[in-house]
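One structure is given here, and the rest of the page talks about it.
The values are calculated or read from the model by the stated rules, or taken from the named source; none is laboratory data. Just so it is clear, the model here is predicted, and its values are computed rather than measured. When we count neighbours, we look across all protein chains shown, and the Cβ atoms used for this are built from the backbone with ideal geometry, even at glycine. Accessible surface is based on the protein model in full, side chains and every heavy atom, while ligands, DNA and RNA are left aside. Shrake-Rupley method; radii C 1.70, N 1.55, O 1.52, S 1.80 Å.
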Amino acid sequence: MPTSQTAPPARRALRHRILAVTATAVLLGGTLTTGVATAAPERGPKVPQPPARMSTVGGDRLGLPGTQVDLSGGVPALPAKLTARSWVVADAETGDILAAHNAHWQLAPASTLKMLFADAVLPRFPSTEQHVVAASDLNGMGDGSSLVGIQENQGYSVRDLWLGVFLRSGNDAVHVLAAMNGGVPKTVADMNALAKELQANDTHVVTPDGYDEPGQHSSAYDLTLFARQGLQNADFRAYCSTVVAQFPGDYKKDKNGKPTKVRDSFQIQNTDRLLSGDYDLKRYPGIAGVKNGNTTNAGATYTGVAERGGRKLLVTVMNPAPGHNNVYREAGALLDWGFAADATAKPVGTLVPPLSQVKASASPVPTSSAAKRIDASTSTSSSSSSGLWTAAGITAGTALLLAVVIAVIRRRRPLPGIVPDGGTGIVPDGETDAGADDETDAGADDGADGGTGGETGGGSEGSGGPSRRAGRGTRRRKRG
């Protein structure tokens, strides 16, 4: 074999060129490859992106993707490391949206959709009405649904059922109330009709409980509208701010094993962690509800209302990065920002009023005094409204006077009623919230749903209630 000294001139020239290229690559900090094929870098799952244009209900800026906020005039910077796909921070009374991120992105809502369910159905039945549950009432619940522990052939008051909806996010309670309302199809139609009335045009309801189904969607903007509408109703406010309550269980048995007329009960706790707290999360100061949710498709969702220094804010967070209580941490951070910014922040949009109020305000008004009467009446739409919603509470007469004055001058939509100090929530009919500081509900952890698509936190987990899986007439779906 010829050596380098005896190699032909052409071969020596080729070697020199190879050495020159190698040296150049080293000097430039690069690497030299020999033409071996390498696999393309693996790509992670595609991250969903909001549409380039969305609804402009409430303002043109709300139709743009990304974060919308005006930081001029000394407004503090938004919280760092927000991960939610969509969120809204708004003044609960004036409707001013202080900041938003993809406000009209249509996403799966999970159990926050139960706010619209309550808006549609809650006013129709007195809280004292009794209902004996038939087997058919519980048909059609999704596999893996969250349950409060309702049993067939047992009687429950309407109040019991709504506590099951708001505290335990019980799909069984939703289906019983829907049956009382004429059935699931009618209730879904009622909810869709009310969504249109509220100008919640991003919302399409398929299931009354928020269980994942194709074509079901809402938005952070619409969920905030649902909460604001519900807070006009005294019963809604009481249920969504309740921390713990007793729920009817089995009838006690005598020594011969026969049922008596004495009924046992078990404690249920609200799974809203800003309201009830958790081992790693304190109650949010001034919180008063409203509703949380979690499904496979939706991830974690949350809408809350809180008061501080006379200001009342609504926040909605949809689908943040997975993590224990992450949806509550981001909601709390946005509330903190909102309270710090509310006095100086320029709104980027507004929460629109119901269509019926828009039409009423557009009607010809003969005198200015008549205009004031109409404006005041539409600003306190619920018959249960008794004045401005405050943490300390005020007398009904003074509250009503303030509500009228503010509604006329600032066109506010007051949130009436009383929210207790410290965010402990209202417990109707004499129930107490003793022990709520210490008790947590591991079964309702916002991080896992078993991949079934159902809501987390079944009635048998952490509640002390009877175990009952969604069985007869359930529908199954692919994980997703």
Taking a threshold of 30 Å on the Cα-Cα distance, which of the pairs Lys81/Lys359; Lys186/Lys282; Lys81/Lys312; Lys81/Lys346 fall above it? Lys81/Lys359; Lys186/Lys282
Considering amide H positions built from the backbone, and no H for Pro or chain starts, which residues 5 or more places from Ser86, or on another chain, come under 5 Å of its amide H? Met318
Mean Cβ count within 10 Å, highest first, over the residues of peptides 122-135, 344-357: 344-357, 122-135
How far is the Cα center of region 320-337 from the Cα center of region 104-144, in Å? 26 Å
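May I ask you to give the percent of accessible area on region 161-317 that is carbon plus sulfur, with a probe radius of 1.4 Å?
Details: 2420 of 4640 Å².
Taking all protein chains in place, region 161-317 shows 52 percent carbon and sulfur surface.
With every protein chain present, what is the per residue accessible area of region 206-248 (1.4 Å probe, Å²)?
On the way: 700 Å² over 43 residues.
With all protein chains present, region 206-248 gives 16 Å² per residue.
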Amide H neighbours of Ser265 under 5 Å, counting only residues 5+ apart in sequence or on other chains, H built in-plane at 1.01 Å? Gly249
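For region 85-125, what % of the accessible area comes from carbon and sulfur atoms, probe 1.4 Å?
Carbon plus sulfur share of accessible area: 38 percent.
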Using amide H atoms built in the peptide plane, which far-off residues or other-chain residues are under 5 Å from Ala300 H to H? Asn319
Using alpha carbon positions and the Kirkwood radius, the Rg to Rh ratio of region 38-151 is 1.12
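By average Cβ neighbour count within 10 Å, what is the ranking of 182-190, 82-90, 70-78, 253-261 from highest down?
In decreasing order of mean packing, 182-190, 82-90, 70-78, 253-261 become 82-90, 182-190, 70-78, 253-261.
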